[in-house]
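> Next up is a structure, given as structure tokens.
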Amino acid sequence: MSEPKVARNYFGGKWVRSSDEKLLEVENPSTGEVIGRVVLSSAADVDRAVEAARGAFGPWSRTPLPGRVSSLYALRGLLLDHQEKISRTLCAEMGKSLPDARAEMNRTVQNVEAACGMPILQHGDKMIGSAAGIDGEVIRLPLGVFAAITPFNFPAMAPFWFLPYALATGNTFVLKPSEQVPLTMALIADLLDQTGLPPGVFNLVNGDKAAAEALVDHPGVRGVSFVGKSSTCRAVASRCVALNKRCQAMGSAKNHLVVMPDFSKLDQLIRNMSTSCFGCAGQRCMASSAIVAIGDETYQAVTERFVEDSKRFLVANPFDPSVADEPMLMGPVISADAKRFIVDMIARGVAEGATLALDGRDAVIPGGENGHFLGPTVFTDVKPGMEIHRTELFGPVVVILKAASLDGAISIINEHQYANACSIYTQSGHYARKFKLEAECGIIGVNVGIPAPVPFLPFGGMNDSMVGDVKMQGKAAVSFFAADKVIVERFGFGEW
Ligand code: NAD
């Protein structure tokens, strides 16, 4: 067996090694095998990364926009050339299926493509004659060093919600990926190195909470993009507010799917819902984990069919060649700790009085004895406010609730702490419109189980699912990464 890879730091255009390097093991969650190690950076390492980014900012911000964007075109080509290799690394360290990993890489590339539109997106505004002889102008300028801290569930895409936009707008960038999945970004950093970006424009600092906190607190960092648990969002955001830094923080979710009685194509509906709930073992921020059926008949039909369909989801090591391209395949959850938490919460649901209609705790995966597998799990007779409904489990566990009317379902959604996304299944324009206007979530789906916006649209939740007020992706990214400067100017007096 070859020596596991080490995910090191990349600052100032070079891979660097610290003198007193501390390493953490990176595990394949399907097998428990150690597949790599990651450097746990110190505050001194973080300082070197930020200083490299600071040094690169002046010349990079003055590089004409088409020049900045041409590095992204080069990156796009390299990502496409290495897509399969990166997808396999992503799959090995995160545990999602290969089709899911490839889909993640597609979205990663699309974010680069969206940022290539920066020569148009970053236009300012000009107003001739804002007062007698005076013109007003808004120009959008880069600010300096931006940092991003990302979670384990999208090792490639989550960093790319920020990285291409930060660079295209003329900022320099320091990324700290999740210490649970550092190998994917190590590969991508190698590609960034080949694009010809000037040294220091992109920097990678690996590590855990200590490195993340040092990055947030560093006086050279002007803004922080964060994705992770809502509790971590709050911790990051409060430090940023205290230090007067820009901050956008995307947090936890409990996404609801509402089924109206008028929906007729039950087979397609059930499959659409189970893919949303169990794909990626329920570890997508856009995964649904709560279903609300309207009325007794709909509840009866949905629970029966959903439980039956959930049993068809394959649970396997994503590299098992007999099932590797299977779209209905669920890999493990990320770690033994995550599995323990989910198993405890299932026991909690039983104790709370919900009916455990499908129990995935004893899923047996040949060859996966050391992996962190759980089978699809479904609770019925769930009441709003039960702990299994209130809490984000981030695993393959679904709760099914009943409401008497659409108003009742909207109240369940609006009273929930998390408000990332929610969807309605209906053929009625009236119900769909009411849902769009009244459900208080950042992203609304109509007959779409995973309403994840493409990179050309903004992405972000409401309530405790997002801290800060600027979403990521698309035009919203320009508002975050560029500062609007307003110019009020007069030349000559009394002419115009
Ligand atoms: P996490 O909050 O545990 O960790 C995320 C990142 O924060 C990691 O890089 C970690 O090292 C770092 N970190 C840990 N403690 C920190 C601190 N005190 N200060 C600064 N950084 C710190 O999250 P996770 O378990 O990796 O990811 C899963 C969570 O992410 C889920 O709650 C999921 O819903 C959420 N998520 C949300 C979105 C979204 O768009 N809303 C997208 C993906 C994931």
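Bear in mind these aren't lab numbers, they're just calculated from the coordinates by the rules spelled out. In this text the structure is predicted, and so the values were computed from the model without any measurement. With ideal geometry, Cβ positions are generated from the backbone for all residues, glycine too; neighbour counts draw on all protein chains shown.
> Taking other Cβ within 10 Å of each residue's Cβ, how do LYS434, LYS485, LYS339 sort, fewest first?
LYS485, LYS434, LYS339
> Would you mind pulling out the separation of the Cα centroids of segment 15-57 and segment 220-275, in Å?
Value for the Cα centre distance between the two parts: 27 Å.
> In segment 255-446, if the dipole is taken from +1 on Lys/Arg beta carbons and -1 on Asp/Glu beta carbons about the Cα centre, which of LEU358, LEU437, MET345 is farthest to the positive end?
Result: LEU437, furthest along the dipole toward the positive end.
> Students often get this wrong: which residues of segment 7-29 have the backbone nitrogen under 20 Å from the point 7 angstrom along Cα-to-C-beta of ASP81?
Taking a point 7 Å out along Cα→Cβ of ASP81, the residues of segment 7-29 whose backbone N falls under 20 Å are 13-15.
> Shifting gears a bit: Return the percentage of antiparallel bridges among DSSP beta bridges fully within the chain, rounded to the nearest 5 %.
Here the antiparallel bridges make up roughly 40 percent for the chain.
> I need the phi-derived Karplus couplings for segment 393-406: 6.51 cos²θ - 1.76 cosθ + 1.60, θ = phi - 60°, integer Hz, Gly and Pro marked x.
Result, ordered by residue: 8, 6, x, x, 10, 10, 10, 10, 10, 10, 10, 6, 8, 4 Hz.
> Tell me, what is a quarter of the convex hull surface for the C-alpha atoms of segment 255-446, in nm² with one decimal?
For segment 255-446, the mean projected area of the Cα convex hull comes to 10.2 nm².
> To the nearest 20 Debye, how big is the dipole of the chain about its Cα centre, given +1 on the beta carbon of each Lys and Arg and -1 on that of each Asp and Glu?
1040 debye
> Moving on. Counting only DSSP beta bridges with both residues in segment 255-446, what percent are antiparallel, rounded to the nearest 5?
10 percent
> To the nearest 500 deg cm²/dmol, what mean residue ellipticity at 222 nm is calculated for the chain from DSSP H runs of n ≥ 4 alone, each contributing -39,500 (n - 2.57), summed and divided by the residues?
-11500 deg cm²/dmol
> May I ask which residue of PRO458, LEU269, SER178 lies farthest towards the positive end of the charge dipole of the chain, with charges of +1 (Lys, Arg) and -1 (Asp, Glu) on Cβ and the Cα centre as origin?
So the residue we want is PRO458.
> So how tilted is helix 65-81 from the main axis of the chain? Cα-based, degrees 0 to 90, rounded to 10.
Approximately 40 degrees, to the nearest 10.
> How many Å³ per residue does the convex hull of the Cα positions in the chain occupy?
157 Å³
> Cα centroids of segment 376-402 and segment 308-343: how far apart, whole angstrom?
Cα centroid of segment 376-402 versus Cα centroid of segment 308-343: 19 Å apart.
> By average Cβ neighbour count within 10 Å, what is the ranking of 7-14, 418-425 from highest down?
Going from most to least packed, we get 418-425, 7-14.
> With charges only on Cβ, +1 for K and R and -1 for D and E, what is the dipole size of segment 349-496 about its Cα centre, in debye, rounded to 20?
Using Cβ point charges on Lys, Arg, Asp and Glu, segment 349-496 gives about 440 debye.
> With the crude spin-label approximation of a point 7 Å out along Cα→Cβ, what separation in nm comes out for ALA242 versus ALA351?
3.5 nm
> Working only with C-alpha atoms, what are the Rg and Dmax values of segment 1-90, expressed in angstrom?
17.0, 48
> Could you please report the charge total around ARG348, scoring K, R as +1 and D, E as -1 over all other residues with beta-carbon less than 13 angstrom from its beta-carbon?
Neighbour charge sum, excluding ARG348 itself: 0.
> Translational D (Stokes-Einstein, µm²/s) of segment 123-177 at 20 °C and 1.002 mPa s when Rh comes from the Kirkwood sum over C-alpha pairs?
Translational D for this selection: 158 µm²/s.
> Write down Rg/Rh for segment 354-404, rounded to two decimals, with Rg from the C-alpha atoms and Rh from the Kirkwood relation over Cα pairs.
1.07
> Sort the following peptides by mean Cβ neighbour count (other Cβ atoms within 10 Å, averaged over residues), highest first: 444-455, 184-195.
184-195, 444-455
> What FRET efficiency, computed as 1/(1 + (r/R0)^6) with R0 = 30 Å and r the Cβ-Cβ distance, is obtained for GLN427 and MET328, rounded to the nearest 0.05?
0.70
> Calculate, for ILE139 and GLU25, the FRET efficiency according to 1/(1 + (r/R0)^6) with r their C-beta to C-beta distance and R0 41 Å; round to the nearest 0.05.
So the FRET efficiency works out to roughly 0.30.
> Next question. Ranked from highest to lowest mean number of other Cβ atoms within 10 Å per residue, what is the order of the peptides 133-139, 168-174?
Answer by packing, highest mean first, reads 168-174, 133-139.
> Still on this structure: Rg to Rh for segment 97-136: what is it, with Cα atoms only and Rh by Kirkwood?
Here the Rg-to-Rh quotient is 1.50.
> Rounded to the nearest 5, what is the percent of antiparallel bridges among the DSSP beta bridges in segment 351-496?
45 percent
> Moving on. What distance in nm separates the two pseudo spin-label positions at ALA132 and ARG62, each 7 Å out from Cα along the beta-carbon direction?
Taking the simple label geometry, ALA132 and ARG62 are separated by 4.0 nm.
> Compactness ratio of segment 155-276: Cα Rg over 2.2 N^0.38 Å, N = residue count?
1.37
> Given H placed 1.01 Å from N in the peptide plane, which residues other than close sequence neighbours of SER289 have an amide H under 5 Å from its amide H?
For SER289, whose amide H was placed from the backbone, the distant partners under 5 Å are ASN255.
> About its Cα centre, how strong a charge dipole does segment 102-253 have in debye, to the nearest 20, once Lys and Arg get +1 and Asp and Glu get -1 at the Cβ?
Roughly 380 debye, rounded to the nearest 20.
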